[in-house]
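Trainee: One structure, as structure tokens, below. Some questions next.
Bear in mind these aren't lab numbers, they're just calculated from the coordinates by the rules spelled out. The shown structure was predicted, so the numbers you read here are calculated from the model rather than taken from an experiment. Please note: Cβ atoms are built from the backbone with ideal geometry, for glycine as well, and neighbour counts cover all protein chains shown.
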Amino acid sequence: MSEHFSKKPNKAGGFSSLTSTLKYIIQSQQPQTNVKNLLKANKDKGFDCPGCAWGDEKEGLLQFCENGAKAIAWESTNKKVAADFFAQYSVSQLQKQSDYWLEYQGRLTEPMKYNKHTDHYEAISWHDATQLIADKLNGLASPNEAEFYTSGRASNEASFLYQLFGRLYGTNNFPDCSNMCHEASGVALNEAIGIAKGTVVLDDFNHAEAIFVFGQNPGTNHPRMMNALRKAARGGCKIVSFNNLKEVALERFASPQDAIELLTPKATTISHAYFTPKLGGDMAAVRGIVKIILARNAARIDSNESAIIDKAFIEQHCQDFEQYQQVVNDTSWQQIEQQSGLSFKQLSQATDIFLNANKVICTWAMGITQHKHSVATIQEIVNLQLLSGNIGKQGAGLSPVRGHSNVQGNRTMGINEKPSADFIDKLSRAVDASLPKAMGHNVYYALNALLEKTSKVLICLGGNIAQAAPDTKQTHQALKNTELNVQISTKLNRSHLCIGEDALILPCLGRTEIDYQDSGEQFITVEDTFSMVHASQGSVTPLANTLHSETAIIADIAQATLKNTTVNWQQLKGNYDLIRDLIAQSISGFSNFNQVLEQPGGFYLGNSAAQLQWKNPQGKALFAAHALPRSIVSVSEEKLHELEHNKQKLYTLQSLRSHDQYNTTIYGMNDRYRGVSNARNVLFINEKDALKQGFKNNDYVDITSIWSDNENRTVTNFVLCFYDIPRDNLAAYYPETNPLVPLDSYGDRSYTPTSKSVAVIITKAINPPLI
Ligand SMILES: Nc1nc2c(c(=O)[nH]1)N[C@H]1C(S)=C(S)[C@@H](COP(=O)(O)OP(=O)(O)OC[C@H]3O[C@@H](n4cnc5c(=O)[nH]c(N)nc54)[C@H](O)[C@@H]3O)O[C@H]1N2
Ligand SMILES: Nc1nc2c(c(=O)[nH]1)N[C@H]1C(S)=C(S)[C@@H](COP(=O)(O)OP(=O)(O)OC[C@H]3O[C@@H](n4cnc5c(=O)[nH]c(N)nc54)[C@H](O)[C@@H]3O)O[C@H]1N2
Ligand SMILES: [Mo]
């Protein structure tokens, strides 16, 4: 082994999880505050954990997990980044620091404005900052020259006001983190079942007989989902994992809340069967399962036995089954096995489990959504579920597991560059104003518009677009082209350092902090991945009295910008109940919003597909009949010849999260569940592939992506880690590998960067570090 790599642990969770939690609480230098915070996480009258969008359980003493604790402790630090900090460091100096260092400096506490003459950020009053934004926006030739980005932590109240402001100002330019995340799920589900959300609720996991988990690493990214999986597995439900890597939590998990599993080597076996498809191979894998089901069904019908597909469900609820059957017949086993990397035998085993269960849930996350053919892949998962009528019954359904804690709520509130006509109509009536209907910009179009300088102002409600978006060089250039870059943030990150003309940092309250306005203490609301809406209220004193809430910041900017506004922004800012009243009038499903919130645990927004109502134009659940993609990555014949000529091997690379990060926020340098310590520039590779190219474990390599333009996209000095990963596939961490993802390499119809399938070559490092 080496200084960085050791054997991966034989279980996830347990004692190591508890000690890691304590370590982060102590490091925050606010242990008392954070213990108080953790006791309130995801509890009634507490705050919603900013860690992920998983739903809350009704019972249980503690409702947080190791990585939620990290997120909370990261926010609740007593270190401040204020005017003196920016006087000490110029922007050029800050640019040289790592992402980890930048965020580690503490919480932003004062509004700051960039001074290009000194290259330093300097303090500015809230009033002057707000006025600067208003003047700049009002000076643009068209409202469509401004981009309003949102990251998925923003509350329902903040995101509702934000989109209302943007639309009253005159644009639908609402790029958001979801464009880089679950967009494909939204597009696929909307078309197929008439609603862009998952059809299950948390309790369904208690009733499922099988759970198929595709392309997701819940041990790290949705640790509270592990409780549901563990409980299900212990109750006899069969869990089947499809993951490019053997993720230890999906193999064996120990609950830190179970004394025996905590203190002994014991753990619960999670996956009954574990398959490691090739990157992008899930559509082929599901196609294989369907092909087996249809073949077995046909054989049974030939011998006068009852069907194994749910014919009644298909006839009553579905459309286009015949076309789909045809496409399945036309898909060869050779293509299925080659693209999925799984054998007929393995897929038969998965089929047996699927057919033996009367109620199946399919969950998925980024391993499914960040490919070119993600929409088609998700629709293939829908097809599988429709075949057995696994929608609209308890314990069965579709479950895209969302990332950011309120990303689903943001969309419900109208953060959407392509709003429906119904949405705009209802909102227009509620505020008695006409609103733009034309499609606006998603992240892809926003970055292009900034690159072309047809967009000039970027306002970001949270997030870190500079590091989250693909093609880092291009993305940074896009931000540097802005005439005004406004970042509403809690922590310093690279998006504050990519500056064109003017830039503002507007520091805001975090989830854990008390939000006090004119009418008293406020709470906000969020929607989880199961469409449950509930309140969230911070309880610790804000780190500085100069911090404003996101909601207040937006209301002030709106009031300063909009001349003849029908909305009383100051009133809304003073009392969030009034914002909720406006939401109740503007958005379907929220009537009596303030009243229904009073029930403990919040309220369920409902899901039409789960009620077997199909709200797409066809009024039926659709079997989408897509052929399998010709290849997973887009590389031209010409490039392939060139690589062959140069004897260069083409790999497919996925970029993923370590255990010590929250998206672009790096908490530490370890990835405990994969046996990695003190390193992030790591490239996971199959030993056979590496040896064939003459590489050893721990060798340093440079990675270059292959794309149709002549741009050189290379990252250097990644250390090779031999790993149990399919041949021809590689894995490395995000955001370090974002420079490799070409901006134009995006999902069909989702425009999501293909972060899980980048065509790359690897070469010996030109300038390896001296050891
Ligand atoms: N602690 C923590 N929690 C988080 C986040 C975080 O960064 N840290 N981020 C939040 C956000 S915004 C999101 S979207 C979610 C992300 O949650 P995940 O989707 O779990 O995140 P990734 O790390 O990108 O993991 C992708 C998983 O899919 C697998 N995979 C990759 N490609 C393929 C493929 O083609 N097929 C299959 N079958 N598997 C594949 C990878 O091996 C990996 O296990 O987590 C949320 N929660
Ligand atoms: N290569 C590659 N790229 C990816 C992905 C991948 O898997 N691979 N994943 C994609 C996914 S799934 C997502 S969701 C995006 C994430 O994209 P973003 O949501 O834009 O990024 P985050 O890293 O979550 O944002 C972190 C910053 O948010 C700010 N912040 C934290 N809390 C708050 C708050 O309460 N309020 C405000 N206003 N600001 C706050 C802090 O300043 C912090 O620096 O990245 C995408 N990019
Ligand atoms: Mo995400």
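Trainee: Treating only the Cβ atoms of Lys and Arg (+1) and Asp and Glu (-1) as charged, compute the dipole magnitude of region 569-683 about its Cα centre; round to the nearest 20 debye.
Mentor: On the way: 12 positive and 9 negative charges, 48 e Å.
Charge dipole of region 569-683: 220 debye, to the nearest 20.
Trainee: What ranking do K620, K136, K437 get, fewest neighbouring Cβ atoms within 10 angstrom at the top?
Mentor: Sorted ascending by nearby Cβ count, the order is K437, K620, K136.
Trainee: Nearest 5 percent is fine: what portion of the DSSP beta bridges confined to the chain is antiparallel? It would help to have the intermediate numbers written out before the result.
Mentor: Numbers: 37 of 89 bridges.
Roughly 40 percent of the DSSP beta bridges within the chain come out antiparallel.
Trainee: Let me ask something additional. Taking Cα centroids, how far is region 292-365 from region 690-761 in Å?
Mentor: 34 Å
Trainee: Neighbouring Cβ atoms within 10 Å as the yardstick, rank F242, F174 fewest first.
Mentor: Exposure proxy ranking, most exposed first: F242, F174.
Trainee: Once you charge only the Cβ atoms, +1 for Lys and Arg and -1 for Asp and Glu, what is the size of the charge dipole of the chain about its Cα centre, to the nearest 20 debye? Please report the intermediate quantities before stating the final value.
Mentor: Values: 72 positive and 77 negative charges, 317 e Å.
Using Cβ point charges on Lys, Arg, Asp and Glu, the chain gives about 1520 debye.
Trainee: Separate question: In the chain, with Lys and Arg counted as +1 and Asp and Glu as -1 at Cβ, which of these residues, G668, V81, L427, has the Cα nearest the positive end of the dipole, that is, farthest along it?
Mentor: Going by the Cα projections, it comes out as G668.
Trainee: Alpha carbon centre of region 608-638 versus region 88-112: separation in Å?
Mentor: Using only Cα atoms to place each centre, the spacing works out to 44 Å.
Trainee: If neighbour count is taken as other Cβ atoms inside 10 Å, put Y700, Y274 in order from fewest to most.
Mentor: Y274, Y700
Trainee: Calculate the length of the line joining the C-alpha centroid of region 132-208 to that of region 532-576, in whole Å.
Mentor: Spelled out, the Cα-based centre of one part sits 18 Å from the other.
Trainee: Then there is this: Of A298, V526, P742, which is farthest on the positive side of the dipole of the chain, counting Cα position, with +1 on Lys and Arg Cβ, -1 on Asp and Glu Cβ, and the Cα centre as origin?
Mentor: Checking the options against the dipole of the chain, the answer is A298.
Trainee: Further question: Relative contact order (percent) for region 184-403, with alpha-carbon contacts under 8 angstrom and 6 or more residues of separation? Walk me through the numbers on the way to the answer.
Mentor: Numbers: 374 pairs, mean separation 70.7, N = 220.
Worked out over region 184-403, it gives 32 percent.
Trainee: In debye to the nearest 20, how big a dipole does region 637-764 give about its Cα centre with +1 on each Lys and Arg Cβ and -1 on each Asp and Glu Cβ?
Mentor: 440 debye
Trainee: Please name which of W333, Y149, G236 has its Cα lying farthest along the dipole of the chain towards the positive end, using unit charges on Cβ (Lys, Arg +1; Asp, Glu -1) and the Cα centre as origin.
Mentor: G236
Trainee: In the neighborhood of C237, defined by Cβ-to-Cβ distances under 12 Å, what is the net charge if each Lys or Arg adds +1 and each Asp or Glu adds -1?
Mentor: Once all neighbours under 12 Å are counted, the net charge is +3.
Trainee: For Q618, what charge total do you get from the other residues with a beta carbon under 12 Å from its beta carbon, if Lys and Arg give +1 and Asp and Glu give -1?
Mentor: For residues surrounding Q618, the net value is 0.
Trainee: Same structure again: Please report, in cubic angstrom per residue, the volume enclosed by the convex hull of the alpha-carbon atoms of region 630-716. Numbers along the way, then the final one.
Mentor: Details: hull volume 12.4 nm³, N = 87.
Hull volume normalised by residue count: 143 Å³.
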